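K.L.:
For reference, the structure I am asking about is given below.
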Amino acid sequence: MEKTTESVEVQEQEMDMEMNFADALDEYLNSDFGDLDEGTIVLGEVVKVDKDYVLVDVNFKSEGQIPVSEFTEVDGTVTVQIGEKVDVFVARKNEAEGTIYLSRDKAKRMQLFDKLEEVQEKDAEVVGRIIRRIKGGYTVDLGGVEAFLPGSHVDLRPVPDMDALVNQEFDFKILKINRRRSNVIVSRRVLLEEMRSEQRDQLLGTLEDGQTVTGKVKNVTEYGVFIDLGGLDGLLHITDMSWKRIKHPKEMVNLGDDLELKILSFDREAQKVSLGLKQLVPDPWENIAEKYPEDSRFNGTITNLADYGAFVELENGVEGLVHISEMSWTRKLRHPSQMVKVGDEVEVIVLGVDQEKKRISLGMKQISPNPWDVVAEKYPEGTVLEGAIKNITEFGVFIGIEEGIDGLIHVSDISWTKKIRHPSEVYKSGDPVQAKVLTVDKENEKFTLGVKQLTEDPWTTVPSKYPVGQKINGTVTNITDFGLFVEVEEGIEGLVHVSEISRKKIKSPSELFKEGDSIEAKVIHVSADERRLGLSIKQTTEEAAGGPRKGKSFGGGSGGGDIAGSTLGDLLREKLQEAAGEIPTDDAPVVEAAPEVVVEEAPVEEVAVEAAPEVEAAPEVEEAPAAEEAPAEEAPAEEEAK
């Protein structure tokens, strides 16, 4: 009986133990695995570290595998050991299979996002490193999370060298966080503006005109430098950097330089500050006229060349201009670089000083005497000299006279008689030439010479050799519409006007003559002053057929008393007066009263030629009444001819 009771109690105890184990297992499984939700961070223990994976126990049916690369530093060192507790991210789990997928990087990333959100909520700052430049801005490492820094939020002003900021650490403000896209946007400008606003408020209360301040070069442009005064930017214009001339501010300052400056003007309302650097040293232009009086000589250095001259530095901050016209007495310079270059030491003379405009006019050529003064004394007008041809142009040749001084022989002064179209027909460069000085114009720096003036003008003897009325023989050298040119001797040509070729009307002299023909003509007009010799073939023919015609001699030469250049009106008047018996047969007075009409004048001769038939008809009218009528009809024509 006792044994039976004992066995029953043992069986009951075994049944209770089985029930307690099932409850305990169920409770263990429910409590351990019920908290592992996907997308959460849990604490796990490292149970194994091998070559490729790290096994982490998170109290699931199985351990989770994490790539060892998530625990490896850049140098290859594994940063985790067996038994170490780590936070991991539950990426995915499978209850049926009992598998789980974990991530260390995602856990760290989520923790960092939590921290960044907390920083954003508190409007605090975060430290980051700019790791690379991308389109539109930079990528910033915030300790495991890459954030985007827009280019417009890098600084208060555009950054000239964008690559210079890479690999530098800065404080940033978080503008936006998007967990789902793992997107973070940061700004440095917002932080700088806040700091600047605080500094500006403090600075505005202390700034005054004329105050000396310190600042840092923030930006360099062509027109000046922007200086950060600590909360407020000021402009240092290029003209206020130095008393001397500079081409670009970079010649004096670089980005980031600390400078001591003077406040030239301060607009508190507009918050604009104009700064000066040169104002910290005395103005070298004070009493400049006393230091550099006119006509005094100084040595200086060429600092700059322009098309119009060269700038010479006389002392630090003081420059003068040597105009290109004041560089040489004799050379015609197109650019100052033909004589000097930057850095040359030159001797100059002060021509003028304008202290108000801060200008000094200098001269280089005045250091030596003006060679034109020497030339004017050495070669007075009429002097015969000899020199080599240096240059030949269309209008003449240039002869070397003295160093830097050339004389011009104009093409019209080469020969009295030859028609020279281009001087190269007679001379070539380097030929020695003897010439006579015609003029020396020192003011305009002109020296003119003549070759033909070495001999007498042959035209001076032409009136005596070929007086009016003389018959000559010559050769046709040129035929034009208005007449023939006839060479009577070498270099001397006369003109047979078309009206003096024949009594018959001809359209062109080429109908009767050709070049090279020998002709006989009568001199009807000669002038040495005008260098003209008028000839007539028609009168030679008439004299051979009937009798001589009267001629006239013009100024500059001698001639006979006969007239050969009378107009139609003169002929009509003479015939009518003879018919009326009003004048004697010797008609010399009528010749004197005749107007001076040059045979060569085409319009007069053309009218006379048209009226020629009427002139022939006039002598045939013997009766007085008919002679009385003729003047009345021809009078207008006579006036027209005149």
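K.L.:
Any idea what log10 I(q)/I(0) is at q = 0.27, 0.29 Å⁻¹ for segment 100-153, Debye with uniform C-alpha scatterers and no solvent?
P.N.:
The calculated log intensity ratios at q = 0.27, 0.29 Å⁻¹ are -1.07, -1.12.
K.L.:
While we're looking at this one, here's another question. Kindly rank 351-358, 310-317 from highest to lowest mean number of other beta carbons found within 10 Å of each residue. Display every interim value, and only then the final one.
P.N.:
Working: 351-358: 12.9, 310-317: 19.0.
By packing density, highest mean first, the sequence is 310-317, 351-358.
K.L.:
For segment 367-506, count all C-alpha to C-alpha pairs, find those more than 19 Å apart, and express that count as a whole percent of the total.
P.N.:
Numbers: 6030 of 9730 pairs.
Of all Cα-Cα distances in segment 367-506, 62 percent exceed 19 Å.
K.L.:
Something else: Based solely on C-alpha atoms, express the radius of gyration and the Dmax of segment 202-319 in angstrom.
P.N.:
In Å, with Rg to one decimal and Dmax whole: 16.9, 56.
K.L.:
Still on this structure, I have one more. By the gyration tensor of its Cα atoms, with a ≥ b ≥ c the square roots of the eigenvalues, what is the shape of segment 208-254: rounded for a/c under 1.5, prolate for a/b over b/c, or oblate?
P.N.:
Working: a/c = 2.37, a/b = 1.46, b/c = 1.63.
The shape class here is oblate.
K.L.:
Is there a quick way to get the dipole size of segment 359-481? I mean about its Cα centre, with the Cβ of Lys and Arg at +1 and of Asp and Glu at -1; what is the value in debye to the nearest 20?
P.N.:
Values: 14 positive and 17 negative charges, 68 e Å.
Using only the charged Cβ atoms, the result is roughly 320 debye.
K.L.:
Can you tell me how segment 485-529 classifies by the Cα gyration tensor, rounded, prolate or oblate, using a/c under 1.5 as the rounded cut?
P.N.:
Working: a/c = 2.38, a/b = 1.44, b/c = 1.66.
It is oblate, given that a/c is not under 1.5 and a/b is not larger than b/c.
K.L.:
Around Asn167, with a cut-off of 11 angstrom between Cβ atoms, what is the net charge of the other residues, counting Lys and Arg +1 and Asp and Glu -1?
P.N.:
0
K.L.:
Report the Rg/Rh value for segment 122-255, based on alpha-carbon coordinates and the Kirkwood definition of Rh.
P.N.:
Numbers: Rg = 18.0 Å, Rh = 17.0 Å.
Result: Rg/Rh = 1.06.
K.L.:
Residues with beta-carbon under 11 Å from that of Lys419, excluding Lys419: net charge, scoring Lys, Arg +1 and Asp, Glu -1?
P.N.:
Details: positive: Lys418, Arg421; negative: Glu425, Glu493.
Around Lys419, the surrounding residues sum to 0.
K.L.:
Still on this model: Kindly report, to the nearest 10 Å², the accessible surface of Ser510 as traced by a 1.4 Å probe over protein heavy atoms only.
P.N.:
70 Å²
K.L.:
When ranked by the protection proxy of mean other Cβ atoms within 10 Å per residue, highest first, what sequence do the peptides 59-68, 248-257 form? Could you put the intermediate results ahead of the total?
P.N.:
On the way: 59-68: 18.2, 248-257: 13.4.
So the peptides 59-68, 248-257, ranked by packing, come out 59-68, 248-257.
K.L.:
Of Lys244/Lys341; Lys218/Lys278; Lys418/Lys442; Lys419/Lys507; Lys291/Lys341, which sit over 21 Å apart, Cα to Cα?
P.N.:
Details: Lys244/Lys341 18 Å; Lys218/Lys278 19 Å; Lys418/Lys442 31 Å; Lys419/Lys507 28 Å; Lys291/Lys341 26 Å.
As for pairs spanning more than 21 Å Cα to Cα, those are Lys418/Lys442; Lys419/Lys507; Lys291/Lys341.
K.L.:
Keeping all protein chains in the complex and leaving out DNA, RNA and ligands, what accessible area do you get for Arg331 with a 1.4 Å probe, in Å² to the nearest 10?
P.N.:
Result for Arg331: roughly 120 Å² accessible.
K.L.:
Find the centroid of the Cα atoms in segment 145-215 and in segment 38-69, then give the distance between the two in whole Å.
P.N.:
Segment 145-215 and segment 38-69 have Cα centres spaced 42 Å from each other.
K.L.:
Next up: Stokes-Einstein diffusion coefficient for segment 254-360 at 25 °C in a medium of 0.890 mPa s, Rh from the Kirkwood formula over Cα pairs: what value in µm²/s? Write out the running numbers ahead of the final one.
P.N.:
Numbers: Rh = 16.4 Å.
The estimated diffusion coefficient comes to 150 µm²/s.
K.L.:
Beta carbons within 10 angstrom, averaged per residue: use that to sort the peptides 221-234, 294-307, 174-187, highest first.
P.N.:
Working: 221-234: 18.3, 294-307: 13.9, 174-187: 15.6.
Peptide ranking by packing, descending: 221-234, 174-187, 294-307.
K.L.:
What percentage of all Cα-Cα pairs in segment 288-422 are separated by more than 19 Å? Display every interim value, and only then the final one.
P.N.:
On the way: 5496 of 9045 pairs.
In whole percent, the long-distance tail amounts to 61.
K.L.:
What accessible area per residue comes out for segment 346-431, rounded to a whole number of Å², with a 1.4 Å probe?
P.N.:
Working: 4910 Å² over 86 residues.
So segment 346-431 comes to 57 Å² accessible per residue, rounded to a whole number.
K.L.:
Set the Förster radius R0 to 56 Å, insert the Cβ-Cβ distance between Gln338 and Ala124 as r into 1/(1 + (r/R0)^6), and round the FRET efficiency to 0.05. Before the final figure, lay out each step's value.
P.N.:
Values: r = 69 Å, r/R0 = 1.22.
The computed FRET efficiency comes out at 0.25.
K.L.:
Could you work out the local net charge near Leu454, counting Lys and Arg as +1, Asp and Glu as -1, over the other residues with Cβ closer than 12 Å to its Cβ?
P.N.:
Values: positive: Lys436, Lys452; negative: Glu386, Asp413, Glu456, Asp457.
Around Leu454, the charge tally is -2.
K.L.:
Could you check how much of the accessible area of segment 291-410 is carbon and sulfur, as a whole percent, using a 1.4 Å probe? Present the calculation step by step, with values, prior to reporting the outcome.
P.N.:
On the way: 3070 of 6440 Å².
Carbon-and-sulfur percentage of accessible area, whole number: 48.
K.L.:
Which entries of Lys465/Lys505; Lys465/Lys514; Lys436/Lys514 have Cα-Cα distances beyond 29 Å here? Please report the intermediate quantities before stating the final value.
P.N.:
Working: Lys465/Lys505 32 Å; Lys465/Lys514 26 Å; Lys436/Lys514 40 Å.
Table pairs above 29 Å Cα-Cα are Lys465/Lys505; Lys436/Lys514.
K.L.:
Follow-up question, since we're still on this one. From the residues Ser424, Gly450, Phe398, which one has its Cα farthest along the dipole of segment 375-464 in the positive direction, the dipole being from +1 and -1 charges on Cβ of Lys/Arg and Asp/Glu about the Cα centre?
P.N.:
Result: Ser424, furthest along the dipole toward the positive end.
K.L.:
A further question on this structure: Probe radius 1.4 Å, ligands and nucleic acids left out: which of Lys51, Lys115 has the largest accessible area, and how do the rest follow? Please report the intermediate quantities before stating the final value.
P.N.:
Working: Lys51 175, Lys115 120 Å².
Result, largest first: Lys51, Lys115.
K.L.:
Would you kindly calculate the translational diffusion coefficient of segment 323-376, applying Stokes-Einstein with the Kirkwood radius from alpha carbon pairs, for 10 °C and a viscosity of 1.306 mPa s, and quote it in µm² s⁻¹ without decimals? Spell out each step's value before the answer.
P.N.:
On the way: Rh = 12.6 Å.
The Stokes-Einstein estimate is 126 µm²/s.
The values are calculated or read from the model by the stated rules, or taken from the named source; none is laboratory data. Not measured: the values here are computed from a predicted model. Positions of Cβ are generated from backbone atoms using ideal geometry, with glycine treated the same way; all protein chains shown enter the neighbour counts. SASA here: full protein model, heavy atoms, side chains in, ligands and nucleic acids out. Shrake-Rupley method; radii C 1.70, N 1.55, O 1.52, S 1.80 Å.
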